[in-house]
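The values are calculated or read from the model by the stated rules, or taken from the named source; none is laboratory data. Here the structure is a predicted model, which means the values were calculated and not measured. Using ideal geometry, Cβ is built from the backbone for each residue, glycine included, and neighbour counts are taken over all protein chains shown. Heavy atoms of the whole protein, side chains included, go into the accessibility calculation; ligands, DNA and RNA do not. Shrake-Rupley method; radii C 1.70, N 1.55, O 1.52, S 1.80 Å.
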Amino acid sequence: MRHDGSVDAVTTLLCSLCGKAGKRIANGLAGERGFALVMALGLLTVLAIAGTAVTYYSTSDLVGSKTAKSRASAYDLAEAGLNDAVATLTNQLNSDGSVKSGASSPITPTLLPSTTVQYAAINGSVTYSGTLNTSTYVWTITSTGKVKNLQDTQAKTLTKLVTVRGLNQGADGSSWSRFYDNDSDGSCLTIDGEIFVTNVATKGNLCIKNGGGVSGANTLVDVGGTVTISGPGPQGPHTDSGSWTSPNNVNTINNQYATDSINASSTSPTLTSTNFEYGITPNATVTGIGVTVMKYQQSGCCSSVQTISVTGSPTGGTFKLNATPPGGSSTATASIAYNASSGTVQSALVTIFGSGNVTCSGGSLPGTAVACTFAGADAFQPITLMTKNSTAFTGGSSPNVSVANTTTGVAALQDGTVQLLKAGTAVGNNKAVSTSWSPTLTTVTYGGPGDLWGTTWNATDIDNTSFGLQFIAKNVASSAATAAIDYISITVYYTPNPDGIGTPGTPIKTANIGGTCTYQAQAAHTPCSSTDHVYAGTITTTAPASNPALVMPSVDFSYWWANAKPGPKHFCTNPNPGIATTFFDNNASTTTGPDASITVNGEMAPATSDVTCQVVENGVLQGEYSWNHTTHVMTIDGTIFVDGNFRFDEDGEVVNYFGRANIMSSKDDEIDAVVCAGGTGTTDATSCLNNMSSWDPSQNMMVLMSEAPNEYDQGATTCSGNTPPTCYYGHAPGGFQGILYSTSSCEIHQSFQDSGPVICNSISLPNENGDSYNPTYYSFPSIGNLTDGQKYGNAANATNFEIDGGDQAGG
């Protein structure tokens, strides 16, 4: 081989191995042919070694990439296993949380056995299982995903905590967005003079009267029993004043009288009757007012007395008299003996004047005259003088009979003033009449339908507690006489009659009434209709047992006694000095459930001190009850349990609460303050009383729950005048924006202002002092997202469940 041929061969090899770089090296070596072969062989060695390194590192990257991919796939498989396990729990349930037919309860401990699923496409598998804590009903789910590659197996293990929550009966927004009375013992949920603008349901009967009603185009009414609707009737007085003797006797018809002895030519004191119990709704038009007074002249001047004399000393024979009863005609008596006794004369006159209307004394004739006094229905009246009709005397000297007026009858008493009171002031026409009072009890009516007494009236005027009547009697005689009144009543006529469910112009959405309907005096019948003043888009007659709306939402007080934070088992993490360790329970360490161990009244918003109580676990706030008495702000969160009773009892105080929480008690609760959802300000002038319907349950919602009777009313603190909403006839109101709940009874009365659902075993809504002094029930927002205390209870006692996926760990 030629020497230069070898160089050419090397050059060719370099060029083929290195491309352009090799060509540059080869070209450089062409001028050094002696050194070329050696350099070429060295370069080949270097390139060979470099090639081996490239091959090694490329193979290593490929293996690493496959391992990372296997790890990711193993993680994905582990997550898929967790999801399969959770799906196994949720697939046991229907959409309402009930267990599907043939399925298992999600608190069945054997529900998640070890399960392996193969994924051949990626040469992997996942194995998952679950263990249930039967005290907390928390599943610990473990899932391991595995993937094999060419050299090894990659595995990832994940865990997840899943809580199974027991759902309370009625744990939905519609069950909590209404007035609900669970009493079905035959009593009535009575709406007296008030208009409800929310859903109403009662397991028993519903009674609506005195202008009360239920309204709203989207309102639902559900009644398990009967519906009775009645309008207002005559109302008796509630309070009477004046210097009359026993003025309160005019409250009832019982022959017990209010009396006053009136001097000659004088008038009586004013007898004032007010505080009538009306319930005229604001949209009513007053069309007339009628007053009824039962009265009579009890005694005094002056009844007619006529004296009968026989002259001429007859020794025998008879005589007759002509007598004229008031309102009658002259009539001759039967024959009266010349020597008749006073009793005989009285018997002859009774046949004309009537029994009890004349009494005679003196006699016997002819030696002694007989005096006859007209009484009873004929007392205090001018009686026509009796005259001789005929005589048939024998003996004597020109015998004769004569009658003289000893006393002329005078009707002493007349009306002085009969006038209505508007806000305590006499207004309009004086209906007094000059007709003399009767000596017997007589009913006299003033005014009536269509008579407004010369002034104007609206519902507020009528419902004012100072609406009423002033009455004055006068004596026109020359000596004293006694006036007596048995009863005063006032009937108010108005249109339209608002009593009922819905109105013709705005029917409610649905009325579901299991029993009969009765309007006024109509006979009970079914189904209900507009004839009964039931106006609804749909009227049904579903039996109570088949109507899910007649089920009271349940609350698990025992569960929350143990789990409330703060509560008996979970005291504040950071309490300030203002709250004692016994605030929530006195004996939680020795008992297993609520036993009303706290016997003192627990004030939740003390007027002179603050409270800070938070429960924090692992850096997470679990619940809070805090109060700032200076700013009047309360902060709430979670579920709070007091093993006793609690109060918002500072009269007239405003509490602006922020947050969503349950406050539970094993006894009762009471509200005399004004408790507002959110808001600002610390005085009535800026409280929610100015706009009770405006609050947002999704932001601020207090749910008060108790196991004992509750009372919601006005505060005892007095105020000046009648300036709603800050003052109602001298009393500061109480009010609440939120939800009231009790497994016992709830009474709402006086001037309480309420905006929110009321759900109790029984509800009492007494009408005590007329509509303007009674509670006002405002519309409220729909309750959507419930609090934990409304929704959840002990899963062991539940039939419906909710699966709550918790934290995931591992990877």
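Of all the residues that make up the stretch 461-488, how many are among the small types (Gly, Ala, Ser), more than 31 Å from the chain's Cα centre (by Cα) and part of a strand (DSSP E or B)? Walk me through it before giving the result.
Pass one, the stretch 461-488, residues among the small types (Gly, Ala, Ser): 466, 468, 473, 477-481, 483-484.
If we keep only those that are more than 31 Å from the chain's Cα centre (by Cα) too, we end up with 473, 477-481, 483-484.
Okay, now just the ones that are also part of a strand (DSSP E or B), so 473, 481, 483-484.
Count: 4.
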Looking only at the stretch 192-202, decide whether some residue is of a type in the set (Gly, Ala, Ser), in contact with a Lys or Arg (Cβ under 8 Å, 6 or more places away or on another chain), open to solvent by less than 20 Å² (accessible area, probe 1.4 Å) and in contact (Cβ under 8 Å) with a residue 40 or more places away in the chain.
-> yes
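For the stretch 313-341, which positions are part of a loop (DSSP other than H, G, I, E, B) and either open to solvent by less than 50 Å² (accessible area, probe 1.4 Å) or touching a residue at least 60 places away in the same chain (Cβ under 8 Å) (or both)? Walk me through it before giving the result.
So the first thing to find is which residues in the stretch 313-341 are part of a loop (DSSP other than H, G, I, E, B), and the list is 313-315, 324-330, 333-335, 338-341.
313, 314, 315, 324, 325, 328, 333, 338, 340, 341 - these are the residues of the stretch 313-341 that are part of a loop (DSSP other than H, G, I, E, B) and either open to solvent by less than 50 Å² (accessible area, probe 1.4 Å) or touching a residue at least 60 places away in the same chain (Cβ under 8 Å) (or both).
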Restricting attention to the stretch 492-515, does a residue exist that is within 30 Å of residue 254 (Cβ to Cβ), open to solvent by 30 Å² or more (accessible area, probe 1.4 Å) and touching a Ser or Thr at 6+ places or on another chain (Cβ under 7 Å)?
-> yes
Of residues in the stretch 543-561 being over 19 Å from residue 640 (Cα atoms), assigned to a helix (DSSP H, G or I) and in contact with a Ser or Thr (Cβ under 9 Å, 6 or more places away or on another chain), the one most open to solvent (accessible area, probe 1.4 Å) = 548
Only one residue in 778, 728, 712 is open to solvent by less than 20 Å² (accessible area, probe 1.4 Å) and either under 23 Å from residue 622 (Cβ atoms) or within 17 Å of the chain's Cα centre (by Cα) (or both). Which one?
-> 712
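If a residue counts only when it is of a type in the set (A, V, I, L, M) and within 30 Å of residue 559 (Cα to Cα), which strands (runs of 3 or more DSSP E) contained entirely in the stretch 688-797 have at least 1 such residues? Step through it out loud before you land on a result.
Numbers: elements: 701-706, 710-712, 735-737, 739-748, 753-755, 758-764, 776-778.
The strands (runs of 3 or more DSSP E) meeting that bar are 701-706, 739-748, 758-764.
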Determine which single condition residue 396 fails, assuming it passes every other condition in (1) open to solvent by 60 Å² or more (accessible area, probe 1.4 Å); (2) on the phi > 0 side of the Ramachandran plot.
-> (1)
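Return yes when residue 377 is open to solvent by 40 Å² or more (accessible area, probe 1.4 Å), closer than 30 Å to residue 262 by Cβ and not polar (S, T, N, Q) and no when it is not.
On the way: open to solvent by 40 Å² or more (accessible area, probe 1.4 Å): yes; closer than 30 Å to residue 262 by Cβ: yes; not polar (S, T, N, Q): yes.
In short, yes.
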When you look at residue 175, is it in contact (Cβ under 8 Å) with a residue 12 or more places away in the chain, open to solvent by 30 Å² or more (accessible area, probe 1.4 Å) and within 17 Å of residue 547 (Cα to Cα), yes or no?
-> no
State all residues of the stretch 404-453 that are surrounded by 18 or more Cβ atoms within 10 Å (Cβ to Cβ) and aliphatic (A, V, I, L, M); if no residue qualifies, say none.
-> 410, 411, 412, 413, 418, 420, 421
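Among the listed residues 624, 617, 653, which satisfies the condition of being out of contact with any helix residue (DSSP H, G or I) (no Cβ under 8 Å at 6 or more places or on another chain), surrounded by fewer than 19 Cβ atoms within 10 Å (Cβ to Cβ) and of a type in the set (Asp, Glu)? Please lay out each step first, then the result.
Details: 624 fails: surrounded by fewer than 19 Cβ atoms within 10 Å (Cβ to Cβ); 653 fails: surrounded by fewer than 19 Cβ atoms within 10 Å (Cβ to Cβ).
None of the others qualify; the one that does is 617.
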So which residues in the stretch 112-147 are among the aliphatic types (A, V, I, L, M) and open to solvent by less than 30 Å² (accessible area, probe 1.4 Å), if there are any at all?
-> 112, 126, 132, 141, 147
Taking the stretch 352-370, which residues are assigned to a strand (DSSP E or B) and open to solvent by less than 30 Å² (accessible area, probe 1.4 Å)?
-> 358, 360, 370
Does residue 245 qualify as being touching a residue at least 60 places away in the same chain (Cβ under 8 Å), under 56 Å from the mean Cα position of the chain (by Cα) and surrounded by fewer than 22 Cβ atoms within 10 Å (Cβ to Cβ)?
-> no
